[in-house]
Amino acid sequence: MNIYLMSVVLGIVEGLTEFLPVSSTAHLRIAEALMHIRLENTSCLATDSVCFQDVAYWKMYTIVIQLGAILALLLLFMGRIVGFLRTFPQGENGQKTWLTHPVSLTLIAFAVTSVPSLVLHKWADKHLGSIAVIAWAMLIGGIVMWAIDARSARMEPITNDVEEMGLGQAIWIGLCQTLSAVFPGTSRSMSTIASGQLVGLSRPAALEFSFLLSIPTMIAATGWDFLKEVFLHKAAEPGTAASVPVAHVAMDSQRWIVLLIGLVVSFIVALGVVEWFLAWVRRHGFAIFAIYRILVGGALLIWGARIIAG
């Protein structure tokens with residue numbers, strides 16, 4: 001398949017799945033495997049520097065195109081975000097503080113996520129990146145999400161709006177979001193939505209806070225990975241123990257264009273998905289996404305190894 005067409009396909013997959021609780025990571029991994037994109041250094045010969053560059057590039061690409069979807073969300077939520085900033089720190093009802101305003105709660109949840117994620121990311125990337133882990137995360141996450149959404153539907157929510165959230169709820173959601181950084185396939189959206197419902201948020205409130213939290217989380221994650229891989233990677237100089245900054249991914253004009261295509265396509269697709277997702281959840285809840293996760297997780301357990309190898 002043409003490399004530019006591959007980027008269009010991956011941009012569509014990213015835009016469709018970034019905010020749905022079905023794991024964009026899992027879907028991108030499947031799409032990349034079906035298009036025979038190499039994501040593991042073990043597929044390269046020790047002397048094949050081009051292969052290593054390809055692996056590094058596509059790993060970076062998979063993370064950075066998420067920025068397109070996040071920018072779409074930022075555009076759609078700009079009015080709401082400006083409203084929050086305008087009422088900071090007292091809040092719309094005048095009863096909030098520096099610690100309990102929605103802006104503060106979003107940043108606190110982001111900070112709670114960031115520390116363990118940074119500590120565990122390298123280890124998780126090395127040991128938990130297999131298709132089997134993704135499959136189990138999809139399957140178990142679907143069962144958990146279905147159970148929590150069913151429980152939430154039977155109970156009166158404690159918190160119907162993000163403006164009503166408390167500090168403890170934000171910290172809990174931030175901690176649970178860490179699961180998505182450690183276990184690929186968990187889904188950042190699923191972990192934040194389900195954990196929000198578990199502590200009494202209504203479906204719309206849990207979804208809105210998940211969206212708000214995704215903005216600093218994903219901007220930081222995509223921005224750092226891009227800078228690290230393209231500009232700040234450390235490598236030892238030949239014959240010395242010194243470490244000097246060199247680019248891990250050597251970018252040329254084609255790679256820049258491919259990356260830009262993925263970003264633009266994911267941005268456009270996500271614009272439509274976010275509005276549809278909000279409307280669907282208000283009417284139907286999350287059960288359909290839980291069922292989908294269970295089916296995909298089961299399919300990956302049965303056929304996943306063949307897909308990755310194929």
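Just a few scattered comments:
- Helix 102-127 and the longest principal axis of the C-alpha atoms of the chain enclose an angle of approximately 30°.
- Accessible area in square angstrom per residue, the chain, 1.4 angstrom probe: 48 Å²
- Angle in degrees between helix 188-198 and the longest Cα principal axis of the chain, rounded to the nearest 10: 20 degrees
- Short-range pairs are left out: with C-alpha atoms under 8 Å and at least six residues apart, the relative contact order of the chain is 34 percent.
- The calculated 222 nm mean residue ellipticity attributable to helices in the chain amounts to -24000 deg cm²/dmol, summing -39500 (n - 2.57) over DSSP H runs of n ≥ 4 and dividing by all residues.
- J(HN,Hα) series, segment 144-156, from Karplus relation 6.51 cos²θ - 1.76 cosθ + 1.60, nearest Hz, glycine and proline x: 4, 5, 4, 5, 5, 5, 5, 4, 5, 5, 8, 10, 6
- Residues whose amide H lies under 5 Å from that of Thr159, counting only those 5 or more places away or on a different chain, are Leu201, Ser202; hydrogens are built 1.01 Å from N in the peptide plane.
- Contact order, relative form, for segment 61-203: 29 percent (alpha carbon pairs under 8 Å, 6 or more residues apart, mean separation divided by residue count).
- Using the Karplus relation 6.51 cos²θ - 1.76 cosθ + 1.60 with θ = phi - 60°, the per-residue 3J(HN,Hα) values for segment 282-294 come to 4, 8, 10, x, 10, 4, 4, 6, 5, 4, 4, 4, 4 Hz, with x marking Gly and Pro.
- When Rg and Dmax are taken over the Cα atoms of the chain, they come to 20.0, 66 Å.
The values are calculated or read from the model by the stated rules, or taken from the named source; none is laboratory data. All values derive from a computational prediction rather than experimental measurement. SASA here: full protein model, heavy atoms, side chains in, ligands and nucleic acids out. Shrake-Rupley method; radii C 1.70, N 1.55, O 1.52, S 1.80 Å.
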